[in-house]
Amino acid sequence: MMKHKFLVFILSIGALTQSCTDQSYSLYEDIETGIVSAKTYSHADSSYRPVPDSLRLRFQPQLRMLRCTVVAEGCDPHLEARLEATSTQLTIRFDMNNACRHDLPEYFDVDIFVSPVHPDTFALVVEQVDFATNDPASRRVVLSERINVRTLPGF
């Protein structure tokens, strides 16, 4: 009798394990990908520390969060960023919304956090644009590459 109960127990554990592995379920499956945060950091600021090129793209696997840092010109910016996500590509467009005109360009790190990022491999395109004009000539691609988040450093 004891053997019979043990056998039923083992078979039910095996069936549960099999049913869980047949479906690739993600906790983030029903959550839409979006921009969590977008900030600028002036290179002229005395506390500025440059981001090494190897850390311009980082990934936090538990939150499925991508951190992307690009360099852009600006003058007292008021950053606005938008995201378009498909199953194969993330397109981030940002506008510095400069508050003044500058003769000498001032450089900023634009730090953008996107979460949750569903696929492990996708194309990432980051463009600096002017949302007010929607002029294609105002678009400047600052990053365009194929990303495998499993190879990115964490943060």
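What follows draws every value from the coordinates through simple rules; no lab data is involved. Computed from a predicted structure; not experimentally measured. Please note: Cβ atoms are built from the backbone with ideal geometry, for glycine as well, and neighbour counts cover all protein chains shown.
Worth pointing out:
- Sequence-ordered 3J(HN,Hα) estimates for segment 106-114 from the Karplus curve with 6.51, -1.76 and 1.60 and θ = phi - 60° stand at 9, 9, 10, 7, 9, 9, 10, 10, 10 Hz, glycine and proline given as x.
- Computed from backbone phi with θ = phi - 60° and the Karplus coefficients 6.51, -1.76 and 1.60, the 3J(HN,Hα) list for segment 74-88 is x, 8, 6, x, 10, 5, 9, 10, 9, 10, 10, 10, 10, 5, 10 Hz; x is used for glycine and proline.
- Sparse packing (at most 16 other Cβ atoms within 10 Å of the Cβ) combined with a DSSP loop state is found for the following trypsin sites (Lys or Arg not before Pro) in segment 116-155: R139.
- Amide H partners (placed H, <5 Å) of L143, local residues excluded: V126
- Length added when fully stretched, F131-H118, from 0.36 nm per residue minus Cα-Cα: 2.0 nm
- Summing charges over neighbours of Y107, with a neighbour being any other residue whose Cβ is under 12 Å away from its Cβ, gives -4 when K and R count +1 and D and E count -1.
- Exposure proxy for S47, S54, S138: other Cβ atoms within 10 Å of each Cβ, ordered fewest to most, give S47, S54, S138.
- Listed by Cβ neighbour count within 10 Å, with the fewest neighbours leading, V51, V110, V141 appear as V141, V51, V110.
- Extension reserve of the C75-E145 stretch, reckoned as 0.36 nm per residue once the Cα distance is removed: 22.4 nm
- About its Cα centre, segment 31-151 has a charge dipole of approximately 500 debye under the convention of +1 per Lys or Arg Cβ and -1 per Asp or Glu Cβ, with nothing else charged.
- Net charge contributed by nearby residues that have their C-beta within less than 11 Å of D45 (K/R +1, D/E -1): -1
- Contact order, relative form, for segment 31-151: 30 percent (alpha carbon pairs under 8 Å, 6 or more residues apart, mean separation divided by residue count).
- Label-point gap, in nm, between F155 and D30 - each point 7 angstrom along Cα→Cβ: 2.9
- Contour minus Cα-Cα distance for Y48 and L104 (0.36 nm per residue): 18.3 nm
- Low-density loop positions, GluC sites (Glu not before Pro), segment 22-78 - DSSP coil, at most 13 other Cβ in 10 Å: E29, E32
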